[in-house]
Amino acid sequence: MSEQSFIIMSNITPCSDMQTQQIRAFYAIMTHGTITTAAQSLGITQPAATRLLKSMEQDLGFLLFERTRQQLLPTAEARALIKDAERVFQALDRIEHTAERLRELPQGDLYIAALPLLSVAFIPQVLATFAEEQHTRFVLRNYRSEQINLPGAQKAYDIGFCICDQPVAGADVLSFRSEYLCLLPKNSPLANVPSLSPLHLAGQQMVCYEHDFPQKQIDAEFARHGLHYNKVAEASFAYSIGAMVEAGLGYAILDPFTSILYAERGLHFKPFKPAIPFEFNILIPCNRPLSRAGERFLRTFLDKVDDEGIVFQLQGQSPKAIAYLERLGRA
């Protein structure tokens, strides 16, 4: 690039939409030779192309073409400028092409951290559906809820799923709320009962959660009715509890995601009344915006929850969380 052409181009800032259009118009006129054909190639009117050319000449402070009755003749300045204008024009085309490709195919890595009841089967199914139209590499990290909610843990994921009853520092929170269900062993005499209660399960063999939460909620309902069940086994993870029910050890009160998974294997589940709330949090780190791929994953996740027939509520408290709900169409 010559010193003269560099000084000329330094006066043109392609950040302005009008100046970008000026460069396009100039390039088209130089390429096609007439304003009429240049305007047609740009999809604008001839007067509009003429205005763009005149405004560019005014901004530059010199003429780009000599006007005759039959044609436009490029000036020496125009011939010096065309090579740089062509590079700008080609760069703008590459930017537009890249932007269009990113609109259709968001790229990059998406890190998801999830508690086992979601990471074992449900989220992989979501990813299988989501990945059909994505150029995104997924990293699914299987953590316990308390690990996902540790201070600074947000550095390890873009989206986190955890059960916690304490405030989450460093993340915007979407609160997911549904209800626990009762998973029945095969050939249960209660298979035709529309919904189950502590009265139906009194004295029955039950597989329970090892830790206090959510077993404490379940036990409170039985205690409130003055009833007891027969605890035959415990497990830390809902998937293991479901496997014990499948093996015939007894009944279990489980989250809807695990219940649906075992229903696909031939077991039955029923609503449990009075309802026991099943809740978890969707965490989005505060220190960086959620990518378009992340938003599309969450939208696909929630759509699959709908498809499975899980009735739920989704709420956000912070302004950013509420904004996420609006973009997801869940406000």
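Read the figures in this text as sums done on the coordinates, not as results from a lab. Note that this is a predicted model, so its numbers are computed, not measured. As a convention, Cβ positions derive from the backbone with ideal geometry for all residues, glycine included, and neighbour counts pool all protein chains shown.
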Completion exercise
Given backbone amide H placed at 1.01 Å from N, residues whose amide H is under 5 Å from that of Tyr180, ignoring those fewer than 5 places away on the same chain, are Ile276, Phe278
Practice task
Scan segment 146-225 for GluC sites (Glu not before Pro) in coil per DSSP, keeping those whose Cβ has at most 15 other Cβ atoms within 10 Å, and list them by number.
Solution key: Glu210
Handout entry: Under Karplus coefficients 6.51, -1.76 and 1.60, residue-wise ³J(HN,Hα) of segment 54-66 in Hz, glycine/proline x
Key = 5, 5, 5, 4, 5, 5, 6, x, 8, 7, 9, 9, 8
Completion exercise
Under the helix-only model (-39500 (n - 2.57) for each DSSP H run of 4 or more, divided by the residues of the chain), the mean residue ellipticity at 222 nm, to 500 deg cm²/dmol, is -14000 deg cm²/dmol
Fill in the blank from the handout: Diffing segment 192-198: the Karplus 3J(HN,Hα) column from phi (6.51, -1.76, 1.60, θ = phi - 60°), in whole Hz with x for Gly and Pro, holds 9, 7, x, 8, 10, 9, x
Completion exercise
The answer for Lys231, listing residues at least 5 apart or on another chain whose modeled amide H is closer than 5 Å to its amide H, is Met206
Practice task
Give a residue-ordered list of calculated ³J(HN,Hα) values for segment 268-277 (Karplus: 6.51 cos²θ - 1.76 cosθ + 1.60, θ = phi - 60°; whole Hz; x for Gly, Pro).
Solution key: 10, 10, 9, x, 10, 10, x, 4, 10, x
Practice task
Would you mind checking which residues have amide H under 5 Å from Lys273's amide H? H placed 1.01 Å from N; only 5 or more apart, or other chain.
Solution key: Leu196, Ser197
Problem - Label-point separation, Ile276 to Lys320 (7 Å along Cα→Cβ), nm - result: 3.4
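For the chain, take the alpha-carbon Rg, divide it by the Kirkwood Rh, and send me Rg/Rh.
With Rg and the Kirkwood Rh in hand, the quotient comes to 1.28.
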